[in-house]
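Note sheet for the following structure.
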Amino acid sequence: MNCPACSAPLAALEYETLEVDFCFDCGGVWLDTGELELLFGDHAITRGFLTAGGRIPSSEKPRRCPACRAKMEKQTTGGPDPVTYDHCEHGLWFDRGELASVLQHGSPSPGGEEVARFLREIFSGSVREP
C-alpha cells in the first residue's frame, strides 16, 4: 500500500493483535476498520467519539484510500481538542500527530493499555520531520 498523503510505500508495524501501516516519509498512519476499536474495547463508544464532529467540508483535494483507492471523507472527532482525519469504509487515515491526539482522548480497554502506550510513544512526534 502507498501513503494517501505523499504516495510513499507504507510500512506495517505490528504489536500483538494490532497492525498499523506507517509512512516514514510524512508520519501518517493507516488503521484498518476495527483496529482502533481493539484499543478502546467498545465499538459504540469508539464510533461515537470518531463521528462526534461529523463530516467537514475541506478545500484539500480528497485523498484516496490506500486499501481500495476510493476517495476518503474528512471527519472530525469529539473531545476537547477535535482531530480531523480521513475515513473510508476500509479504515482511517491520520496525518502526523493525529493518532497520538486521538489516543490521548480515549481510555484503552483492559489489555489495550500497553498497546496504546506503545502507539503513543511511536506516534507522538518521535518520527523525523519530512
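What residues have an amide H closer than 5 Å to that of GLY28, excluding those fewer than 5 places away on the same chain, when H is modeled at 1.01 Å from N in the peptide plane?
Sorted by chain and number, the residues that satisfy this are CYS23, ARG96.
Given points 7 Å out from each Cα along the Cα-Cβ axis, report the ASP25 to ILE45 separation in nanometres with one decimal.
Once both label points are built, they end up 3.8 nm from each other.
Students often check this: by mean Cβ neighbours within 10 Å, which of 94-100, 4-10 ranks highest, and how do the rest follow?
Sorting 94-100, 4-10 by mean packing, highest first, produces 94-100, 4-10.
Give me MET1, MET72 sorted ascending by neighbouring Cβ count inside 10 Å, so fewest comes first.
MET1, MET72
Need one number: nm distance between label points at ARG69 and ASP81, each 7 Å from Cα along Cα→Cβ, rounded to one decimal.
3.7 nm
Between CYS6 and LYS61, what is 0.36 nm times their sequence separation minus the Cα-Cα distance? Round to one decimal in nm.
The CYS6-LYS61 span can extend by a further 18.6 nm.
Each value in this text was obtained by applying a stated rule to the coordinates, not by laboratory testing. From a predicted model like this one, the values you see are computed outputs, not experimental measurements. Every residue, glycine among them, receives a Cβ derived from its backbone with ideal geometry; neighbour counts consider all protein chains shown.
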